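Trainee: Structure provided below as structure tokens; questions to follow.
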Amino acid sequence: SKNKEEDKFSFVPEIKIVNVKSDKEYIKLIEASKNPYQTYLDLRTTYQETPAYYFDVATYFFQSNDKEKGLLVLSSIADLGLEDAELYKMLAYKLKEIKEYSTELFITKKVLDWRPFDAQSYRDYALALQDNKQYQAALDHLYKVLTNDYSVEIAMRDRDITEIIVPEINNLISLHGKELNLSAIDKKIIVDLPVDIRVVMNWNKDMTDIDLWITDPNGEKCYYGHRTTSIGGRMSEDITQGFGPEQFMLKKAIKGKYKVETNFFGERQMSISGPTTISAEIYLMYSSGKEVKKMITFQNNNPNRGGSGILVGEFEF
């Protein structure tokens, strides 16, 4: 049995991400072009004021493994000079996904300055601090999410974020505990909890209903209407009108394939940042020291009324 245990740890599950592509006309033109960057420049006069244009085109370059051009296009969003939190959240997700951590930190700090009353602003900034190896500051800002005094409306809207923050605090402690001062942290929330699967879905707009679905190898789907599964999976509370996030956790994975999907019920307002931007973080062997993670950020142009989700990623244990 000892060999079996060793096998389990030598096996590294691979996360396959589905590239959610934009179906916009301009992307078709850029894809068909002999010189995609020139076509992007030519089309830019038409879409100059459309942040989604830059987001889609940057995504196209990232997916084509041209990070340099992707970043060039993405930075045009900040150059628009629109000091808009939704726009900057969208930017921060993409920067995190492509591991541009120092710019992610700058952008999330801007959002926190603009929206200090949102729990998510502290969380996004804290996770950017962690990406930048500033572990104590990351811990302090995560803990603020739990201890801040918010208005009654916002406290109600974000009441379920505790369930997402506690694993993140413990992740920091389990990976970097020796470097951290924990004297301010309530001991009751410190628990060493490595989990085989943790998936978090974030989005950049308030008043938006986006759902996370996880289907396990038994075909059992965990979602807001069925929040616990027979193998021990758990979905956090359904967020129908705030910024999210929603989280799935499973302590012990069974063998087989898992599917991550999102179902998007629509948004109540259009805004300058364009369609809702969704960011899915998939962690396997979370907090174990052998973590595997992938992230995908995409915009959803088509609210779904038909009950079929958009496949975001798959992995196998």
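Trainee: Once fully extended, how much extra length lies between THR45 and PHE11, figured as 0.36 nm per residue of separation less the alpha-carbon to alpha-carbon distance?
Mentor: Gain in length upon complete extension: 7.2 nm.
Trainee: Of MET90, LEU29, ALA184, which is farthest on the positive side of the dipole of the chain, counting Cα position, with +1 on Lys and Arg Cβ, -1 on Asp and Glu Cβ, and the Cα centre as origin?
Mentor: The listed residue farthest towards the positive side: ALA184.
Trainee: Continuing with the same structure: What's the local net charge at THR262, with K and R +1, D and E -1, over the other residues with C-beta under 10 Å away?
Mentor: Local net charge: -3.
Trainee: Roughly how many debye, to the nearest 20, is the charge dipole of region 66-185 about its Cα centre, given +1 on each Lys and Arg Cβ, -1 on each Asp and Glu Cβ, and no other charges?
Mentor: In total the dipole reaches around 280 debye.
Trainee: If GLU31, GLU14, GLU68, GLU261 are ordered by their accessible area, calculated over protein heavy atoms with a 1.4 Å probe, which sequence runs from highest to lowest?
Mentor: In descending accessible area the options line up as GLU68, GLU14, GLU31, GLU261.
Trainee: A follow-up question, please. Place a label point 7 angstrom from the Cα of GLU31 along the Cα-to-Cβ direction, then list the residues of region 81-97 whose backbone nitrogen is under 15 Å away.
Mentor: none
Trainee: Could you tell me the relative contact order of region 89-206? Use alpha-carbon pairs under 8 Å, at least six residues apart, and round to a whole percent.
Mentor: Relative contact order of region 89-206: 20 percent.
Trainee: To the nearest 10 degrees, how steeply does helix 119-131 sit against the main Cα axis of the chain, on a 0 to 90 scale?
Mentor: 80
Trainee: Measuring from label point to label point, each 7 Å out along Cα→Cβ, what is the PHE117 to LYS21 span in nm?
Mentor: Roughly 4.3 nm, to one decimal.
Trainee: On C-alpha positions alone, give me the angle between the axis of helix 67-79 and the longest principal axis of the chain, in degrees, nearest 10.
Mentor: 80
Trainee: Counting other Cβ atoms within 10 Å, which trypsin sites (Lys or Arg not before Pro) in region 85-138 have at most 12 and lie in a DSSP loop?
Mentor: Taking region 85-138 and a limit of 12 other Cβ atoms within 10 Å, the loop trypsin sites (Lys or Arg not before Pro) found are LYS99, LYS133.
Trainee: To the nearest 10 degrees, how steep is helix 51-63 against the longest Cα principal axis of the chain, on a 0 to 90 scale?
Mentor: On a 0 to 90 degree scale, this one is about 70.
Trainee: Mind checking the dipole of the chain: about its Cα centre, +1 per Lys or Arg Cβ, -1 per Asp or Glu Cβ, Debye to the nearest 20?
Mentor: Its charge dipole is roughly 780 debye.
Trainee: Calculate, for THR147 and SER75, the FRET efficiency according to 1/(1 + (r/R0)^6) with r their C-beta to C-beta distance and R0 35 Å; round to the nearest 0.05.
Mentor: Result of the calculation: an efficiency of 0.50.
Trainee: For the chain, what is the relative contact order in percent, using Cα pairs closer than 8 Å and at least 6 residues apart in sequence?
Mentor: Computed value for the chain: 19 percent relative contact order.
Trainee: For region 169-238, what relative contact order do you get, as a whole percent, if you take Cα pairs closer than 8 Å and at least 6 residues apart?
Mentor: In percent, rounded to a whole number, it is 16.
Trainee: Once the Cβ-Cβ distance between HIS176 and ASN218 is put in as r, and R0 is 35 Å, what FRET efficiency do you end up with, to the nearest 0.05?
Mentor: Step by step, r from the Cβ atoms, then E = 0.45.
Trainee: Helix-only mean residue ellipticity at 222 nm, the chain, DSSP H runs n ≥ 4 weighted -39,500 (n - 2.57), per residue, nearest 500. What is it?
Mentor: -12500 deg cm²/dmol
Trainee: Let me ask another. In the structure displayed, which of LYS34/LYS293; LYS28/LYS221; LYS205/LYS257; LYS187/LYS251; LYS67/LYS293; LYS89/LYS188 lie more than 28 Å apart, Cα to Cα?
Mentor: Exceeds cut-off: LYS34/LYS293; LYS28/LYS221; LYS205/LYS257; LYS89/LYS188.
Trainee: For the chain, which semi-axes, largest first and in whole Å, follow from the square roots of 5 times the eigenvalues of its Cα gyration tensor?
Mentor: So the three semi-axes of the chain are 31, 24, 20 Å.
Trainee: Rounded to the nearest percent, how much of the accessible area of the chain (1.4 Å probe, protein heavy atoms only) is carbon and sulfur?
Mentor: 52
The values are calculated or read from the model by the stated rules, or taken from the named source; none is laboratory data. A quick note: this is a predicted structure, and the numbers were derived from the prediction, not measured. For neighbour counting, all protein chains shown are included, and Cβ atoms are generated from backbone atoms with ideal geometry for every residue, glycine included. Heads up: the accessible areas ignore ligands, DNA and RNA and are worked out on the full protein's heavy atoms, side chains in. Shrake-Rupley method; radii C 1.70, N 1.55, O 1.52, S 1.80 Å.
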